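J.: Take a look at this one; I'll ask things after.
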Amino acid sequence: MSTTATAPLDRVQTLTPWRMRHELRAAWIVWKRELIRFVRQPARIVTGLVQPILFLFVLGTGLTSLVGETGGLDYRKFIFPGVLAMSVLTTAIFSAVSIVWDREFGFLREMLVAPVGRASLVIGKTLGGTAVATIQGSIMLVLAPFIGVRVTALVVVEVVAASALMAFGLTAFGVFVASRMQKIESFQVIMQFLLMPMLFLSGALFPITGLPTWLSVITKLDPVAYAIDPIRRVFFAAQDLPAVALVRFGGGVEWFGHVLPVGAEVLVLIVFSLVFLVLSIRSFGKTD
Amino acid sequence: MKHEQNREPAVEATQLSKRFGDLDAVKGVDLEVGSGEIYAFLGPNGAGKTTTINMLCTLLRPTSGWASVAGHDVVKERRAVRSKIGLVFQDRTLDDQLTAEENLAFHATLYGLSKEDIGDRISSVLSMVGLANRRKDLVGTFSGGMARRLEIARGLMHAPQVLFLDEPTIGLDPQTRARIWEDVRRLREEEGVTIFMTTHYMDEAEYADRIAIIDHGAIVATDTPTALKGRVGLDTVRLATADDTWAVHSLTAAGFEADAGEDGVIVRVPYGEAAVPALIANVGVPVRLVSVHRPTLDDVFMHFTGRKIREEAESNGSAMARRFAAMQRRR
């Protein structure tokens, strides 16, 4: 096996309890590093709130005066779940792509040379990004009272859970993208070609039902769409909305003319997450 | 070598080679480093030092040849090798947003140290490099020299058998470089760790027990600093005289190996200082100035490669080497 593709670190080693514990602790410390870095940058947390606030209070207020209310639901209330999800999306992707910085500053090499499996490092990193993005998204809940969105304990629990799943999938996706990137300059590319399209096509800013076919097809390819709909349903369920508003704004992703139930959307997200988690692990195995 | 013990070699390589495309970066390196030895790879940029280190550290798969580190094959037992080596890279690889302690704990956890051991070990490695009082400080506030010492401490966290230092003092001021060398020699005493390092600073290679001179991907000489100097040969005595031609005549007649150089007569003798009285007595013309030059590692490098090491590092020919080094850093 001279010059062939890199073999697993040690293909014959068995997963002893000691080794398992070592791998788990490795994943844990990578996860912990993400959180330490997150709380050490309060400025980043605050900056992360600026964009959603602009969307919610500037764009939202402006468009509300243009389109008015439908059945007691103004535009700001409609985009609130989307803006929360946007916060999760941005944080997850940027947290994942910080691997490129780690590569640039050599810290990635320090991790890759350690006697641990790549899977542990990737899982730790992904769960770290998941935690950070979930926290950042959940902070958005404090803005709810300002636009008259009612938040119950159940909403908090469900939103945190949905955000976590969404964050996990998007971080896994981001880690995969980062594993293929060599340079920080590619960051702009990420912004233009990933973040903005994913946001615009997700249904965060307008309902994705009743769109022209070409646009409707593209929205179905956006993983964020499958995450925003469950989050929006959680909010809507707590708002006592009239039927007319639910019909106009409540539609989720449709497949073959049928609206997907939340369970199916969650399943899509889980599959998406796992696929990219596996791809990331494989991708790092090759960067040797 | 007082540190060499009667154990298996810490690092061993046979015909180790690496080819990138049509570039032979390392061409059949043979080496053997004893346990507890400080072994230095001396060579210009692009000579194959980092490529060799990367192969020994399992970061790069050899194209051909064989190597073992701490008794494990670098291809077949990568994980075992990795757990027994410490690595200090050429570039800074710390997380500036973590404290010194957090950086060390991160490393130790990846290397499987238990939580209880980590705290104690952090204290001892930090005091070994004189950073005990900076334990809780963010690494972003560290100077280049401190960061480098912290990286050495980190490389030692898991008590490796072999510590690889790739250009450990590059870009540091002379005082800091001396300080790092003190640390390295002390930790060899205290930890008994084998040190495999690369450098292109001539003066630093003298700190090593043994030096391998590497050029164009091949080792051209291996020995102790003293022996290498001995192999380069004789001391040179330079005499500035009133009449150099006459001086050469009379010295040659007296049995010395003398030539007229640009600014004086050059005489090659086994031991320069001792020969000065005899030279003066035999030269036959007034002498204005005498200087004795013993071979340095610069001369050693020159002798074995035909070039000065620093010229090579800066010449155009190293553009390839630099591109190549950048390529490796990205790995």
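The values are calculated or read from the model by the stated rules, or taken from the named source; none is laboratory data. Note that the structure is a prediction, hence the values are computed from the model and not measured. Glycine also receives a Cβ, built like all others from the backbone with ideal geometry; neighbour counts cover every protein chain displayed.
J.: Could you look through segment B:252-273, keep only residues that are modelled with pLDDT of 85 or more and assigned to a helix (DSSP H, G or I), and pick out the one that is farthest from residue B:196 (Cα to Cα)?
T.: B:253
J.: Considering every residue within segment A:118-130, establish whether at least one is free of Cβ contacts under 8 Å to residues at least 60 places away in the same chain and either surrounded by fewer than 24 Cβ atoms within 10 Å (Cβ to Cβ) or within 14 Å of chain B (Cβ to nearest Cβ) (or both). I'd like the intermediate steps shown before the answer.
T.: Going residue by residue through segment A:118-130, those that are free of Cβ contacts under 8 Å to residues at least 60 places away in the same chain are A:130.
Adding the requirement that they be either surrounded by fewer than 24 Cβ atoms within 10 Å (Cβ to Cβ) or within 14 Å of chain B (Cβ to nearest Cβ) (or both) leaves none.
No, the conditions are met nowhere in segment A:118-130.
J.: If you don't mind, there's one more thing I want to ask. Just to be sure I understand, how many residues within segment A:14-31 are surrounded by 19 or more Cβ atoms within 10 Å (Cβ to Cβ) and touching a residue at least 40 places away in the same chain (Cβ under 8 Å)? Give the steps one after another, and end with the answer.
T.: Taking segment A:14-31 as the starting set, the residues that turn out to be surrounded by 19 or more Cβ atoms within 10 Å (Cβ to Cβ) are A:22-23, A:25-27, A:29-31.
Still in the running and touching a residue at least 40 places away in the same chain (Cβ under 8 Å): A:22-23, A:26-27, A:29-31.
The number of residues fulfilling the criteria is 7.
J.: Same structure, new question: Among (1) on the phi > 0 side of the Ramachandran plot; (2) in a strand (DSSP E or B); (3) among the β-branched types (Val, Ile, Thr), there is one condition residue B:58 misses while meeting the rest; what is its number?
T.: Of everything listed in (1) on the phi > 0 side of the Ramachandran plot; (2) in a strand (DSSP E or B); (3) among the β-branched types (Val, Ile, Thr), residue B:58 misses just condition (2).
J.: Something else now. Out of all the residues in segment B:84-105, which are surrounded by 19 or more Cβ atoms within 10 Å (Cβ to Cβ), within 7 Å of chain A (Cβ to nearest Cβ) and not hydrophobic (A, V, I, L, M, F, W, C)?
T.: B:93, B:95, B:102 - these are the residues of segment B:84-105 that are surrounded by 19 or more Cβ atoms within 10 Å (Cβ to Cβ), within 7 Å of chain A (Cβ to nearest Cβ) and not hydrophobic (A, V, I, L, M, F, W, C).
J.: If you take the residues in segment A:1-55 that are assigned to a loop (DSSP other than H, G, I, E, B) and more than 10 Å from chain B (Cβ to nearest Cβ), which one is modelled with the lowest pLDDT?
T.: Going residue by residue through segment A:1-55, those that are assigned to a loop (DSSP other than H, G, I, E, B) are A:1-16, A:40-41.
Next, from what is left, pick out any that are more than 10 Å from chain B (Cβ to nearest Cβ): A:14-16.
Details: A:14: 62, A:15: 69, A:16: 81.
Checking each candidate, the answer is A:14.
J.: Next up: Name the residue that is nearest to the chain's Cα centre (by Cα), counting only residues in segment B:206-248 that are in a strand (DSSP E or B) and of a type in the set (Ser, Thr, Tyr).
T.: Initially, segment B:206-248 is screened for residues in a strand (DSSP E or B), giving B:210-215, B:218-223, B:235-241.
With of a type in the set (Ser, Thr, Tyr) added as a condition, the list becomes B:222, B:236, B:241.
Numbers: B:222: 12, B:236: 26, B:241: 40 Å.
Among residues in segment B:206-248 that are in a strand (DSSP E or B) and of a type in the set (Ser, Thr, Tyr), the one nearest to the chain's Cα centre (by Cα) is B:222.
A quick yes/no check of all residues on (1) buried (at least 23 other Cβ atoms within 10 Å of the Cβ); (2) basic (Lys, Arg); (3) within 22 Å of residue B:199 (Cβ to Cβ):
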residue	(1), (2), (3)
B:27	no, yes, yes
B:45	no, no, yes
B:56	yes, no, yes
B:69	yes, no, yes
B:77	no, no, no
B:82	yes, yes, no
B:107	yes, no, no
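J.: To continue, here is another question. Scanning for something within 14 Å of the chain's Cα centre (by Cα), surrounded by fewer than 17 Cβ atoms within 10 Å (Cβ to Cβ) and at pLDDT 85 or above, does segment A:176-189 turn up at least one residue?
T.: Within segment A:176-189, the subset within 14 Å of the chain's Cα centre (by Cα) is A:176-177.
Then drop every residue that is not surrounded by fewer than 17 Cβ atoms within 10 Å (Cβ to Cβ), which leaves none.
Within segment A:176-189, not a single residue is within 14 Å of the chain's Cα centre (by Cα), surrounded by fewer than 17 Cβ atoms within 10 Å (Cβ to Cβ) and at pLDDT 85 or above.
J.: Here's another thing I want to ask about it. Confirm whether residue B:159 is outside any helix (DSSP H, G or I), out of contact with any His (no Cβ under 9 Å at 6 or more places or on another chain), within 26 Å of residue B:56 (Cα to Cα) and within 14 Å of chain A (Cβ to nearest Cβ).
T.: On the way: outside any helix (DSSP H, G or I): yes; out of contact with any His (no Cβ under 9 Å at 6 or more places or on another chain): yes; within 26 Å of residue B:56 (Cα to Cα): yes; within 14 Å of chain A (Cβ to nearest Cβ): yes.
Against the criterion (outside any helix (DSSP H, G or I), out of contact with any His (no Cβ under 9 Å at 6 or more places or on another chain), within 26 Å of residue B:56 (Cα to Cα) and within 14 Å of chain A (Cβ to nearest Cβ)), residue B:159 qualifies.
J.: Taking the residues in segment A:99-117 that are in contact (Cβ under 8 Å) with a residue 24 or more places away in the chain and either part of a loop (DSSP other than H, G, I, E, B) or polar (S, T, N, Q) (or both) as candidates, determine which candidate is nearest to residue B:98 (Cα to Cα). Working first, answer last.
T.: Quick first cut of segment A:99-117, residues in contact (Cβ under 8 Å) with a residue 24 or more places away in the chain only: A:99-101, A:103-104, A:111-112, A:114-117.
Filter again for either part of a loop (DSSP other than H, G, I, E, B) or polar (S, T, N, Q) (or both), leaving A:114-117.
Working: A:114: 18, A:115: 22, A:116: 21, A:117: 23 Å.
My answer is A:114.
J.: Moving on. Can you say whether residue B:144 is under 24 Å from the mean Cα position of the chain (by Cα) and surrounded by 21 or more Cβ atoms within 10 Å (Cβ to Cβ), as far as the supplied structure shows? Write out each step before concluding.
T.: Working: under 24 Å from the mean Cα position of the chain (by Cα): yes; surrounded by 21 or more Cβ atoms within 10 Å (Cβ to Cβ): no.
No: the conditions fail for residue B:144.
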